[in-house]
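The values are calculated or read from the model by the stated rules, or taken from the named source; none is laboratory data. Note that the structure is predicted; figures quoted are calculated from it, not measured. Positions of Cβ are backbone-derived with ideal geometry, glycine not excepted, and every protein chain shown enters the neighbour counts.
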Amino acid sequence: MTVSVVLYTSDLRVHDHPPLRAALEGAQEVVPVFVRDPAVDRAGFAAPNRLAFLADCLADLDRGLEDRGGRLVVREGDTVSEVQGLVRQTEADEVHMAAGVTAFARAREKRLRRVLEDDGCRLYVHDGVVTVVPPGDVLPHGSDHYAVFTPYYRRWTAEPLRTPLPAPRALRVPSGVRSERVPRRSTVTDVSPALAVGGEREGRQRLGRWLAEHIDTYEERHDDLAGDVTSRLSPYLHFGAVSATEAVYRAGRRGGAGADAFVRQVCWRDFHHQVLAARPEAAVADYRPRQDFWRRGADAEADLAAWREGRTGYPVVDAAMRQLAHEGWMHNRGRLITASFLTKTLCIDWREGARHFLDLLVDGDVANNQLNWQWVAGTGTDTRPYRVLNPVVQGKRYDPDGSYIRRWVPELAGLDGPAVHEPWRLTGLDRASFDYPDPLVGLSDALARFRQASRTA
């Protein structure tokens, strides 16, 4: 019997899975394996929300493989050592896995290739599994990546889109291969109360419902905070429970302006992956250094704590931060508003915000989280690095009747009209009727501070 190993990482599905398809075509038996590697946790992955969602994804992947006659093998330890042990035990000829873009993922691939070659086993690293277009496939003249989104988008949309692969009908796992118990969500503590359910089945159902019910209005309503017609697919894309290629393919078949707008958002995801693949240091360092003008000290720490808690005094900012704490997810417009507020209204280092988001976001992804933060902070790929989002204007524009604010900031539930966006303007008994803080800083003072700091940096 010929044997291949499929190493699952951030591609936890059976549909549209090129490594699994290649392994089945090249061997009579296949070992699908996921390794719980402590090094991944030390690298910042071990946030409760992502661990809980991961447990759902692994359990669902195991069920999906069982439906086809197989099972998921779970191991705990160093990924390279565990895969090498499986190869030696099963006498596997090949190992298949999806390509990664982070420095950690690339180092892991390099180590694995070296170890397997010594054992006479070949490693196949498949592009186009995590992203639609592999990083490095679309390049500008004279550079190793695109630094501006719009020209990247034009080239990206011109690339041929492969047809998604169906799930395999059957697979066979060699007997005698031991496995740890598949993790369970119930064993994870400190999980956000309304965290979504993970897994391929849930993700595919969500994609199907959203395409049927909301994609046609997505272009005009995707920034509507209260309406919340976004796909909410980002956690499933992050864990690979839903294929980005399949999502784009199915949206394209629907057609229309809403589908085009959705596909553009998926392209942003690929854009950030190709930036990080070319500049892995951007996970922690400024992509475009603008020197260090961030505030530090006790006052800045107090402001940072208030931002984390959703107690800044700016209702739309606080609503979004409280949604993050409750759901482990935040509306994309809320992410832009809260990030701009922290970096440009409070002048606090983008890394502090990115770290807090990674602590809570179920879709916390190094490429998208860090580079979106840098885009907003003015240290990334934004061609207008000094733009500042006014939280009051943003609230009135994207939550005009205050429904989103009242949902997440119950202290203001009794207010309507302009008052819900600017409660500090109320006086007397009206102001005393709710327990809500005054703004941390006046917007005109904050804007002057930011402009002065950015000029002298």
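Which of the following residues is more than 30 Å from G199 (Cα to Cα) and assigned by TED's automatic domain parsing to the domain that holds M321: L426, L358? Lay out the reasoning, then the answer.
Working: L358 fails: more than 30 Å from G199 (Cα to Cα).
Going through L426, L358 in turn, the sole match is L426.
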- Complete set of residues in the range 128-161 that are at pLDDT below 95 and either more than 24 Å from W375 (Cβ to Cβ) or not in a loop (DSSP other than H, G, I, E, B) (or both): G128
- Message: For the range 37-49, which positions are modelled with pLDDT of 95 or more and surrounded by fewer than 20 Cβ atoms within 10 Å (Cβ to Cβ)?
- Response: P48
- Query: Does R13 qualify as being among the basic types (K, R), assigned to a helix (DSSP H, G or I) and either farther than 25 Å from V133 by Cβ or at pLDDT 95 or above (or both)?
  - Reply: no
- Task: Kindly list the number of the only condition in (1) among the hydrophobic types (A, V, I, L, M, F, W, C); (2) free of Cβ contacts under 8 Å to residues at least 40 places away in the same chain; (3) in a loop (DSSP other than H, G, I, E, B); (4) touching a strand residue (DSSP E or B) at 6+ places or on another chain (Cβ under 8 Å) that fails for V173.
- Result: (2)
- Scanning for something part of a loop (DSSP other than H, G, I, E, B) and surrounded by 22 or more Cβ atoms within 10 Å (Cβ to Cβ), does the range 50-57 turn up at least one residue? no
- Yes or no: G203 loosely packed, with under 12 Cβ neighbours inside 10 Å, assigned to a helix (DSSP H, G or I) and in contact with a Lys or Arg (Cβ under 9 Å, 6 or more places away or on another chain)? no
- Message: Restricting to the range 106-129, give me the number of residues that are exposed (fewer than 14 other Cβ atoms within 10 Å of the Cβ) and in contact with a Leu (Cβ under 6 Å, 6 or more places away or on another chain).
- Response: 0
- Message: One residue is enough: does the range 326-342 have a residue meeting the conditions more than 21 Å from the chain's Cα centre (by Cα), at pLDDT 95 or above and buried (at least 23 other Cβ atoms within 10 Å of the Cβ)?
- Response: no
- Out of (1) of a type in the set (V, I, T); (2) at pLDDT below 95; (3) touching a Lys or Arg at 6+ places or on another chain (Cβ under 9 Å), what's the single condition that is false for V420? (2)
- Message: Looking only at the range 229-246, count every residue that is more than 16 Å from L361 (Cβ to Cβ), crowded, with 24+ Cβ neighbours inside 10 Å and hydroxyl-bearing (S, T, Y) and tell me the total.
- Response: 1
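Any idea which residue in the range 176-188 is modelled with the lowest pLDDT, counting only those that are in a loop (DSSP other than H, G, I, E, B) and of a type in the set (G, A, S)?
First, pick out the residues of the range 176-188 that are in a loop (DSSP other than H, G, I, E, B): 176-184, 188.
Checking which are of a type in the set (G, A, S) leaves us with 176, 179.
Working: G176: 93, S179: 96.
Going through the qualifying residues, I end up with G176.
Can you confirm whether the range 138-158 contains a residue that is in contact with a helix residue (DSSP H, G or I) (Cβ under 6 Å, 6 or more places away or on another chain), over 30 Å from Y287 (Cβ atoms) and surrounded by 12 or more Cβ atoms within 10 Å (Cβ to Cβ)? If you could, list the steps in order and put the result at the bottom.
From the range 138-158, those in contact with a helix residue (DSSP H, G or I) (Cβ under 6 Å, 6 or more places away or on another chain) are 138, 144-146, 149, 152-153, 156; that's our starting set.
Now restrict to residues that are over 30 Å from Y287 (Cβ atoms): none.
The answer is no, given that none of the residues of the range 138-158 is in contact with a helix residue (DSSP H, G or I) (Cβ under 6 Å, 6 or more places away or on another chain), over 30 Å from Y287 (Cβ atoms) and surrounded by 12 or more Cβ atoms within 10 Å (Cβ to Cβ).
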- Can we say V388 is in the same structural domain as L447 (by TED's automatic domain parsing) and not in a helix (DSSP H, G or I)? yes
- Query: Residues in the range 91-104: is at least one assigned to a helix (DSSP H, G or I), touching a strand residue (DSSP E or B) at 6+ places or on another chain (Cβ under 9 Å) and crowded, with 17+ Cβ neighbours inside 10 Å?
  - Reply: no
- Which numbered condition W375 misses (of (1) of a type in the set (F, W, Y); (2) in contact (Cβ under 8 Å) with a residue 40 or more places away in the chain; (3) out of contact with any Gly (no Cβ under 8 Å at 6 or more places or on another chain)): (2)
- Here the residues within the range 226-279 that are under 16 Å from the mean Cα position of the chain (by Cα), assigned to a loop (DSSP other than H, G, I, E, B) and in contact (Cβ under 8 Å) with a residue 60 or more places away in the chain are T230, R232, F239, G240, A241, V242, S243
- Determine which single condition G310 fails, assuming it passes every other condition in (1) under 30 Å from P164 (Cα atoms); (2) touching an Asp or Glu at 6+ places or on another chain (Cβ under 6 Å); (3) not aromatic (F, W, Y). (1)
